[in-house]
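Report on one structure; see the data block that follows.
The numbers here are math on the coordinates, done by the rules we state, and not lab data. Here the structure is a predicted model, which means the values were calculated and not measured. Ideal geometry is used to build each Cβ from the backbone, glycine not excepted, and the neighbour counts take in all protein chains shown.
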Amino acid sequence: MEPTTTIRTELENFMKQNALNITQFGLVAGINPGTVSGIVTGNRTLSVHQLDRITDTLGHPKGHFYKNYIEEFLNTATPNIRRVRPLLYHCAELNMLDCIEQVVNLLMEKLAYAEALFVIAEDFFKQGKFAASIILYGSVAVSENKQHSERLAFCQYRIFMAKQGDDQALNLEAANQLEPYIERLNEGDQLEALRNLANTYLSLRQWDKLDRWAFVMDYKAQIQYRLAYRQERKRKRTPKRPNRPLFFYVAYGSATLF
């Protein structure tokens, strides 16, 4: 549902109903009266922290005005990432995915924000906010799509992992979408991605797919294992390693194949 009233209108009505002037409301809400005055006159931007204080003072739950905020304060120009970062985190906490999508669409008008959105997506993923992370990873992937970049592949891998659940059809769809990006992943992430992909096909009883990707994992793990051994002997700096010891992937791939 689209906002039917503005934040400023609600604020003015509350002040009238409670016989509060700007200074008095500022004291009650814990906001500088000059800031309140600027909001009422439309001459000042509003931070998410200030919005939350106003929302609480007006007796509404957190997030009540987030849709209004996007329409009234962010839609007029490409928003600043520092201003909207708290909004994205609050929306993720409240599972307000439609608001996250709106904000991300505005931010991606400026491709320079892709890096910041990727960092936030990683936070969401690690916090278990998978639905929110998918939106951000998806937007970053779109921005990277023409560059065939490693980060594009990693975003697709994260999306695959975030979609894993009880819906087998969705799991299969996510696995199929990941396949074209496996080769673009960093070697340190590639083996773990292959293991997770193989596990998905195992649970889906997609035996041909399981054999194919288990073979790829076994082959790549053995190559990485030999290279790592040579680099250690020569005391060379080794590239990023996967989460588990390399022999784990060699053993896992071999066990899955036979």
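Derived scalar couplings between HN and Hα for segment 26-34 equal x, 5, 5, 7, x, 10, 4, x, x Hz in order, rounded to whole Hz, by the Karplus curve 6.51 cos²θ - 1.76 cosθ + 1.60 (θ = phi - 60°), x for Gly and Pro.
Nearest 10 degrees, 0 to 90: what angle lies between the long axis of helix 246-257 and the longest principal axis of the chain (Cα atoms)? Value to nearest ten degrees: 70. Would segment 88-181 count as rounded, prolate or oblate if I go by the C-alpha gyration tensor, calling it rounded below 1.5 in a/c and otherwise prolate when a/b exceeds b/c, oblate otherwise? Here segment 88-181 falls in the oblate category. Computed about its Cα centre, the charge dipole of the chain is approximately 1420 debye, with only Lys, Arg, Asp and Glu carrying charge at their Cβ. Shape verdict for segment 1-78, please, from the Cα gyration tensor: rounded (a/c under 1.5), prolate (a/b greater than b/c) or oblate. Because a/c hits 1.5 or more and a/b exceeds b/c, segment 1-78 counts as prolate. Packing, taken as the mean count of other beta carbons within 10 Å per residue, orders the peptides 208-219, 77-88, 192-203 from highest to lowest as 192-203, 208-219, 77-88.
Taking other C-beta atoms within 10 angstrom as a stand-in for reagent exposure, Lys163, Lys126 fall in the order Lys126, Lys163, fewest first. Using only Cα atoms and rounding to the nearest 10 degrees, what angle (0 to 90) does helix 130-144 make with the longest principal axis of the chain? Long axis of 130-144 versus the principal axis of the chain: about 80 degrees. Our helix-only sum for the chain, with -39,500 (n - 2.57) per DSSP H run of n ≥ 4 divided by its residues, gives a mean residue ellipticity at 222 nm of -21000 deg cm²/dmol. Note on segment 1-76: with charges restricted to the Cβ of Lys and Arg (+1) and Asp and Glu (-1), its dipole about the Cα centre is near 160 debye. Each of Val103, Val140 has some number of other Cβ atoms within 10 Å of its Cβ, and from fewest to most they run Val103, Val140. Each residue of segment 171-188 was assigned a 3J(HN,Hα) from its phi angle through the Karplus expression (A = 6.51, B = -1.76, C = 1.60, θ = phi - 60°), giving 4, 5, 4, 5, 5, 4, 6, 6, 3, x, 9, 4, 5, 8, 5, 4, 4, x Hz with x at Gly and Pro.
Indicate the gyration tensor shape class of segment 136-199 (rounded, prolate or oblate), computed on the Cα atoms with a ≥ b ≥ c the square roots of the eigenvalues: a/c under 1.5 is rounded; otherwise a/b larger than b/c is prolate and the rest oblate. Judged from the Cα gyration tensor, segment 136-199 comes out oblate (a/c at least 1.5, b/c at or above a/b).
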